[in-house]
Amino acid sequence: MDEKEHFERLNQYYKKSEIGYDFALWGSKHFGFYPNNKKISEKEAQILMQELVAKKLKLTSKDLVLDAGCGQGVVSTFLAKNYGCKIKGITVVPFEVKKANLLAEKLKVSDKVNYSIMDYSKTKFKNNHFDSIYTTETLSHTTDIKKTLKEFFRILKKGGKVAFFEYTLAEDMDFSKSEMKILEKVAKGSAMDRLKDFRHDKFQNVLSEAGFTNIKVENISENVVPSLARLRKFALIPYYFFVKPFGLQEKFPNASAAVELYNMARKGLIRYNIFTAIK
């Protein structure tokens, strides 16, 4: 894979999607968590998802944490403000660093967070540096998942913990031809080039090969579907009247994902998981 071309597409995708993310998700890049049988707002669901990151990592004020693929700093600033930990956020999208720093200033946590441009597959951090590492829907953007996980293992302290909030897919044969075609267009348009490396009930094997132990997987798809359903409402009209008739899923990956991935998630073809593990 041409890394330069990949990162160019990734930057183009996030720049093109900036307004949409700000409008629909308040600048965050993750879905919300809806407790079973409880009606809450998307904003509340977003906060609950961020709190899940802290819960899975058992964060304390003494921890040094890596946010790998930090986006605009929504998750990291929340965790720093509410749990007192110090967080280093890295991204390959330059404009996100500026927005993350502005958010940190607004929330008065600039002394606890630091943001920089860095590829999480080849960081500049020393060995055994972090107490914990997390991702929120960013690992499918890697150019080499095995390389990325080995890098995480290198920079994580012995006994340190990782928490990955990521999607997995069913096997190709479980998708119809039209579903697979749309999925591939969405993945290409959003630079999720390694999405197919994440398979149901198999990704934990990849974590194990990287050296991680005590691997646990929690499928929270049902808790995320309401968040998907909300985004689907925004996208229904433009998708069915403009995007789908002209085969423009690659050009409009977010609208396409909002509609088609919701349908696939309801069928179990796509899951939303929390993977945790120890070094």
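Would you mind calculating the relative contact order of the chain from Cα pairs under 8 angstrom and at least 6 residues apart, reporting the percent as a whole number?
19
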About the Cα centre, charge dipole magnitude for the chain (Lys/Arg +1, Asp/Glu -1 at Cβ), debye: 620
Long pairs among Lys16/Lys251; Lys56/Lys122; Lys16/Lys98; Lys56/Lys279; Lys62/Lys106, criterion Cα-Cα beyond 18 Å: Lys56/Lys122; Lys62/Lys106
Relative to the longest principal axis of the chain, what angle (0 to 90°, nearest 10) does the C-alpha long axis of helix 3-25 take? 80
Checked region 142-211 against the a/c 1.5 cut and the a/b vs b/c comparison, axes a ≥ b ≥ c from its Cα gyration tensor; verdict prolate
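Too long at a 25 Å Cα-Cα cut-off: which of Lys112/Lys146; Lys158/Lys188; Lys81/Lys146; Lys29/Lys216; Lys43/Lys157; Lys161/Lys202?
From Lys112/Lys146; Lys158/Lys188; Lys81/Lys146; Lys29/Lys216; Lys43/Lys157; Lys161/Lys202, over 25 Å: Lys112/Lys146; Lys158/Lys188; Lys81/Lys146; Lys43/Lys157.
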Packing rank of 203-212, 112-121, where each peptide gets the mean count of other beta carbons within 10 Å, highest leading: 112-121, 203-212
Can you tell which of Ile40, Val97, Ser76 lies farthest toward the positive end of the dipole of region 1-116, using +1 and -1 charges on the Cβ of basic and acidic side chains (Lys, Arg; Asp, Glu)? Ile40
Cα radius of gyration and Dmax for region 214-276 (Å): 13.7, 48
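Relative to 2.2 N^0.38 Å, what does the C-alpha radius of gyration of region 169-247 come to as a ratio? Two decimals please.
Compared with the compact-globule rule of thumb, region 169-247 sits at 1.38.
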Tail fraction, Cα-Cα pairs, region 94-220, threshold 22 Å, whole percent: 46
Measuring from the longest principal axis of the C-alpha atoms of the chain, the long axis of helix 74-83 (C-alpha) lies at a number of degrees, nearest 10, equal to 40
Gyration tensor (Cα only) of the chain to equivalent ellipsoid, semi-axes in Å sorted down, yields 28, 21, 19
Classify region 22-157 from the C-alpha gyration tensor, please: rounded if a/c falls under 1.5, else prolate or oblate depending on whether a/b exceeds b/c. rounded
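Any read-out appearing in this document is the output of simple, stated calculations on the displayed coordinates, not a laboratory observation. Since the model is a prediction, treat every value here as computed from it, not as a measurement. Cβ coordinates were reconstructed from backbone atoms using ideal geometry, including for glycine residues, and neighbour counts include every protein chain displayed.
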